[in-house]
Amino acid sequence: MTLLQIMPEDAPETVRVRTGDVDVIHKQLLGIGVRFARWHAARRLPADADDVTIRHAYRSHIEHLGAEGYPVADIARVTSSPGDRDRPRRTRPARARFRAEHFHDEDVVRFVVHGAGCFYLHVAGQVHAMLCTAGDLLSVPGRTAHWFDAGARPCYTAIRFFQEAGERPVRFLPDGIAARFPAFDELPATS
């Protein structure tokens, strides 16, 4: 379920907007300079689709974003298997890193192929928690403060788009507010 929840930066318990309506999501995010779209694959993909299969299914979309200035694309996976009881302990450091408020100089462009993840965008005194599911494309301008969470038992595969190849420095904010906001696992239940 795609979901947008907007909260004041100083009152995470106050929900100003909570919607799954794609048109409302699009309008709200456009107001802060963030692009949101829905894509469909040429054919249905299994959850364990390999990189070549994913690239083939979304080839026209990948080429289109390449022409828009994002010529580098890769596939990112954050997963845990149901039988791997040790996985949450091993993924905690990576999850903590993603959940720390930061920004990149380059745009953050992600298309969710499978599963779900939440991008928290800290813009203009508000936090826009954008829970993206399979089929969602999110394009966030560079230097936008944000964090990401895919939950304690992540199941997330995405195509990441970049303007350039090479290192992508992450700049963490020393007084980040991420810890005060509902985590991925809490967000769908928040009223």
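The values are calculated or read from the model by the stated rules, or taken from the named source; none is laboratory data. Keep in mind the model is a prediction, meaning the values are calculated, not measured. Cβ: placed from backbone, ideal geometry, glycine included. Neighbour counts: every protein chain shown. Ligands, DNA and RNA are stripped out before the accessible areas are found, and what is left, the full protein with its side chains, is counted by its heavy atoms. Shrake-Rupley method; radii C 1.70, N 1.55, O 1.52, S 1.80 Å.
Check off (1) open to solvent by less than 80 Å² (accessible area, probe 1.4 Å); (2) assigned to a loop (DSSP other than H, G, I, E, B); (3) free of Cβ contacts under 8 Å to residues at least 24 places away in the same chain for G69 and give me the number that stays unchecked.
Status for G69: all satisfied but (3).
How many of the residues making up region 1-30 are more than 19 Å from R110 (Cα to Cα), part of a loop (DSSP other than H, G, I, E, B) and not acidic (D, E)?
Final tally of qualifying residues: 5.
I'd like the residue in region 132-149 that is open to solvent by less than 10 Å² (accessible area, probe 1.4 Å) and in contact (Cβ under 8 Å) with a residue 60 or more places away in the chain and, out of all such residues, is farthest from G69 (Cα to Cα).
Within region 132-149, the match that is farthest from G69 (Cα to Cα) is C132.
Are any residues in region 117-131 assigned to a strand (DSSP E or B) and either of a type in the set (A, V, I, L, M, F, W, C) or surrounded by fewer than 19 Cβ atoms within 10 Å (Cβ to Cβ) (or both), and if so, which ones?
Scanning region 117-131 gives C118, F119, L121, V123, Q126, V127, A129, M130, L131.
Count, please, the residues in region 45-65 that happen to be open to solvent by 80 Å² or more (accessible area, probe 1.4 Å), in a helix (DSSP H, G or I) and without any contact (Cβ under 8 Å) to a residue 12 or more places away in the chain.
Residues in region 45-65 being open to solvent by 80 Å² or more (accessible area, probe 1.4 Å), in a helix (DSSP H, G or I) and without any contact (Cβ under 8 Å) to a residue 12 or more places away in the chain: 3 in total.
Which of the residues that make up region 154-180 are open to solvent by less than 50 Å² (accessible area, probe 1.4 Å) and part of a strand (DSSP E or B)?
Y156, T157, A158, I159, F161, F162
Working only within region 11-37, note down all residues that are without any contact (Cβ under 8 Å) to a residue 40 or more places away in the chain, open to solvent by 70 Å² or more (accessible area, probe 1.4 Å) and touching a helix residue (DSSP H, G or I) at 6+ places or on another chain (Cβ under 8 Å).
Selection gives nothing.
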